[in-house]
Amino acid sequence: MPLVDHLEELRQRVLRSLLAVVLAAVACLLMVKPLVRLLEAPAGSIHFLQLAPGEFLFVSIKVAGYAGLTLALPYVLYQGLGFVLPGLTQRERRLIAPAVAGSAILFLAGLAFAWWALAPAALKFLVSYGADVVEPLWSIERYLDFVLLLMLATGLAFQLPVLQLILGILGLLHWQPMLSAWRWVVLGAALAGAVLTPSTDPITMLLLAGAITALFLIGVGLVALTDQFRPDMPASESDQPPTATN
């Protein structure tokens, strides 16, 4: 295809993806109250306040946008694959398509892990810390910003095994050096847990750091399985059989 046709196809696929996100966001906006209640579940019996006129309206739009993007993610990835795959080799197709599918699944798993484990642990610690001094009455906007940011950061952190798998199949990473560097990985996971979590409580950071470390080890196992899929490298001159000489 000429370059102009490629650009036109890219434009069409981007517009379709944006339309899917907008439609999903509008659908989520129509049922935003159940979504907000679902996000409020990790807080337990905490009471939320609307501290400014229209605060809940803007929060509803934000929640609907995040939810719409999540719901439209499979279609957006499908459009991206439809544009990229025709230009790849058969081997690259076998790599990219499962990696993208696994990336979407891991992102959703990260969202679920943040909602089910990280957010309740963080909120329990933050509430109990000053329970004998202050009564917890939280702004709905601040709370949802906290939960949404935590879920987004965890979903992105769950992409680590996919990145390791891609680099492993391309021959840029090997499982033995990665496994031998586990001490640095634990340190990096602790730093990532401190940076990615919107709160400063140690419980959330430790849980996220532990999850990142476990994901790294899973990625090491996946890289160890990619050796059979790597293309055979041409033998070096020293590996060539000696030639007969007169």
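The values are calculated or read from the model by the stated rules, or taken from the named source; none is laboratory data. Model, not experiment: these values are computed from the prediction. Here Cβ is always computed from backbone atoms with ideal geometry, including for glycine, and neighbour counts include all displayed protein chains.
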Exercise. Considering only residues of segment 160-196 that are over 23 Å from residue 208 (Cβ atoms) and of a type outside the set (A, V, I, L, M), which is nearest to the chain's Cα centre (by Cα)?
Worked result: 168
Exercise. Name the pairs: first residue in segment 3-20 and in contact (Cβ under 8 Å) with a residue 12 or more places away in the chain, second residue of a type in the set (A, V, I, L, M) and not in a helix (DSSP H, G or I), Cβ to Cβ under 9 Å, at least 6 apart or on different chains?
Worked result: 9/1
For this session: Using the structure shown, decide if residue 102 is touching a residue at least 12 places away in the same chain (Cβ under 8 Å), in contact with a helix residue (DSSP H, G or I) (Cβ under 6 Å, 6 or more places away or on another chain) and in a helix (DSSP H, G or I).
Result: yes
For this session: Check residue 49 against each of (1) among the hydrophobic types (A, V, I, L, M, F, W, C); (2) exposed (fewer than 12 other Cβ atoms within 10 Å of the Cβ); (3) more than 20 Å from residue 66 (Cβ to Cβ) and name the one condition it does not meet.
Result: (2)
Exercise. Could we say that residue 22 is of a type in the set (Val, Ile, Thr), out of contact with any strand residue (DSSP E or B) (no Cβ under 6 Å at 6 or more places or on another chain) and modelled with pLDDT under 95 here?
Worked result: no
Problem set entry | Subset of segment 128-148 (residues that are of a type outside the set (Val, Ile, Thr), modelled with pLDDT under 90 and not in a strand (DSSP E or B)) | 128, 129, 130, 131, 132, 135, 136
Seminar exercise, completed: Of the residues in segment 19-37, those that are among the hydrophobic types (A, V, I, L, M, F, W, C), part of a helix (DSSP H, G or I) and exposed (fewer than 13 other Cβ atoms within 10 Å of the Cβ) come to 19, 26, 30
